[in-house]
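Scroll down for the structure; my scribbles are underneath it.
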Amino acid sequence: MKSLGNIRRAFAPWTDPSAKPFIAFKNVTKRFGDFTAVDDLSLNIYHREFFALLGASGCGKSTLLRMLAGFEQPTSGEIVLDGADMAGTPPYRRPVNMMFQSYALFPHMTVEKNIAFGLRQDGMSKDEMTDRVSQMLKLVKLEQFASRKPNQLSGGQRQRVALARSLAKRPKVLLLDEPLGALDKKLREETQFELMDLQQNLGLTFVVVTHDQEEAMTMADRIAVMSHGKVVQVATPAEIYEAPNSRFVADFIGDVNIFDGKVASSGNGTIEISIDSGFSVRVAAAETPSASSAVGFAIRPEKMRVGRTPPANASVNAARGELWDIAYLGDMTVFHVKLQSGKIVKASSLNAQRSVDDPFTYDQEVWVSFDENAGILLKD
Ligand code: ATP
């Protein structure tokens, strides 16, 4: 499959076979009693990468991060950081710092003192510490709040103090566990871009845990989708969205229509699938699965067209149905179409033109159709 690459910056060390990973998890397992939280997991993260661990609650994301920070020890396997095996290295000796979800600021200390806390513990000289704290205050644009206490700050400002405190010791790797969880939507979006700028300007490696897929898609160079202690797919946001490697990932990221069917024929780079809902799909795929084998087909709503008349070739990649629901969202309209089999599919279209005349009405007969390269074959 053609790589979709990274559209944000020309940075893709994972595509270079000679590039050495900065962080390597090698067959790492973590058990709590007889429960396996992280299951024989191997993963490479590169220097200056913004890496996101994404997955449902309880899938093992935080445990993985805590093992990297040294707060938990793997039951088996190895964690290598900047060329050194981390087994037996306590958290304070690791070149990493962790920013917690709750920020864990000291309420009785000023912003300045909160930022200086770790430096003072390390025995840094007073002059150097003053310099470092003012650099950090400048970095997170909090110079005028230096002598406030955390309860005199907004949520976003508190988040920036926590960030400054975790960056003050100049770690090579910053671990962030749900860093924006406490912020409202607008502030979250602004802060996502601030974090990305900061990470790029400082040339650090960030590993962020989140269950918010949009956040991971916005910020990360690559995303690891986790499920039950395993990594299911590691890829760029665009690859994860456009070329999910399994039904689980397709379903987990974004909206998707998934159909079951059987292979009718294959060859010449395409596969024809007889979909159980009573229509046929031709999809681009390099594989040649045997005829009649059970497969799935996934297609995103924005890749489906809705029309009142059948498309030119309605025998493939098109299905007839009735308009079940229309949701006008301003920037786009989402159509729910009930196919003749009873299955309801979702199609969305951008409202690029300004119009208040909606040509569609409920219960109207419509056709959904799509291009050959719009959807993907699911083998599992
Ligand atoms: P969330 O998004 O809810 O924080 P997560 O993916 O970060 O979830 P983890 O905190 O890594 O999940 O937990 C993974 C699993 O391991 C969970 O089922 C959790 O209950 C279990 N677990 C974590 N820490 C411990 C512990 N100290 N003792 C026993 N079980 C634990």
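What the table below lists for this structure:
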item	result
Number of the exception - Gly330 against (1) of a type outside the set (A, V, I, L, M); (2) under 27 Å from the mean Cα position of the chain (by Cα); (3) closer than 22 Å to Val249 by Cβ; (4) not in a strand (DSSP E or B)	(3)
Residues located in segment 289-316, provided they are closer than 11 Å to Ala264 by Cα and either basic (Lys, Arg) or exposed (fewer than 14 other Cβ atoms within 10 Å of the Cβ) (or both)	Ser290, Ala291, Ser292, Ser293, Ala294
Any chance Leu139 is assigned by TED's automatic domain parsing to the domain that holds Glu49 and in contact with a Leu (Cβ under 9 Å, 6 or more places away or on another chain)	no
Residue count for segment 41-58, restricted to those that are over 22 Å from Leu195 (Cα atoms), at pLDDT 95 or above and within 15 Å of the ligand (Cβ to nearest atom)	2
Of all residues in segment 1-33 being basic (Lys, Arg) and more than 16 Å from the ligand (Cβ to nearest atom), the one that is modelled with the highest pLDDT	Lys26
Odd one out for Val225, checked against (1) more than 25 Å from Arg94 (Cβ to Cβ); (2) among the aliphatic types (A, V, I, L, M); (3) touching a residue at least 60 places away in the same chain (Cβ under 8 Å); (4) part of a helix (DSSP H, G or I)	(4)
The one condition in (1) over 23 Å from Asp371 (Cβ atoms); (2) crowded, with 17+ Cβ neighbours inside 10 Å that Phe193 fails to fulfil	(2)
Residue within segment 225-237 that is surrounded by fewer than 20 Cβ atoms within 10 Å (Cβ to Cβ) and more than 23 Å from Gly58 (Cβ to Cβ) present	no
Filter result for Ile79 (surrounded by 13 or more Cβ atoms within 10 Å (Cβ to Cβ), aliphatic (A, V, I, L, M) and more than 16 Å from the ligand (Cβ to nearest atom))	no
Hey, Gly88 within 16 Å of the ligand (Cβ to nearest atom), among the small types (Gly, Ala, Ser) and on the phi > 0 side of the Ramachandran plot or not	no
Failed item, numbered, when Arg165 is tested on (1) closer than 29 Å to Lys61 by Cβ; (2) among the charged types (D, E, K, R); (3) not in a helix (DSSP H, G or I)	(3)
Any hit, segment 181-191, residues being within 16 Å of the ligand (Cβ to nearest atom) and of a type outside the set (S, T, N, Q)	yes
Count of residues meeting criterion [surrounded by fewer than 15 Cβ atoms within 10 Å (Cβ to Cβ) and touching a Lys or Arg at 6+ places or on another chain (Cβ under 9 Å)] in segment 259-273	0
Residues that are over 28 Å from Gln73 (Cα atoms) and in contact (Cβ under 8 Å) with a residue 24 or more places away in the chain, drawn from segment 90-113	Pro107, His108, Met109, Thr110, Val111, Glu112
Residue pairs meeting the criteria (Cβ under 6 Å; at least 6 apart or on separate chains; first under 16 Å from Ile23 (Cα atoms) and touching a residue at least 12 places away in the same chain (Cβ under 8 Å), in segment 196-221; second more than 16 Å from the ligand (Cβ to nearest atom) and aliphatic (A, V, I, L, M))	Leu204/Leu174; Thr205/Val173; Phe206/Leu174
Residue in segment 288-296 that is of a type in the set (A, V, I, L, M, F, W, C) and at pLDDT 90 or above present	yes
Residue match in segment 200-214 (condition: of a type in the set (A, V, I, L, M, F, W, C), more than 14 Å from the chain's Cα centre (by Cα) and not in a strand (DSSP E or B))	yes
Scan of segment 351-380 for residues that are at pLDDT below 90 and aliphatic (A, V, I, L, M), ordered by number	Ala352, Val356
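The values are calculated or read from the model by the stated rules, or taken from the named source; none is laboratory data. Given the structure is predicted, the values throughout are model-derived calculations rather than measurements. Every residue, glycine as well, gets a Cβ built from its backbone with ideal geometry; the counts of neighbours run over all protein chains shown.
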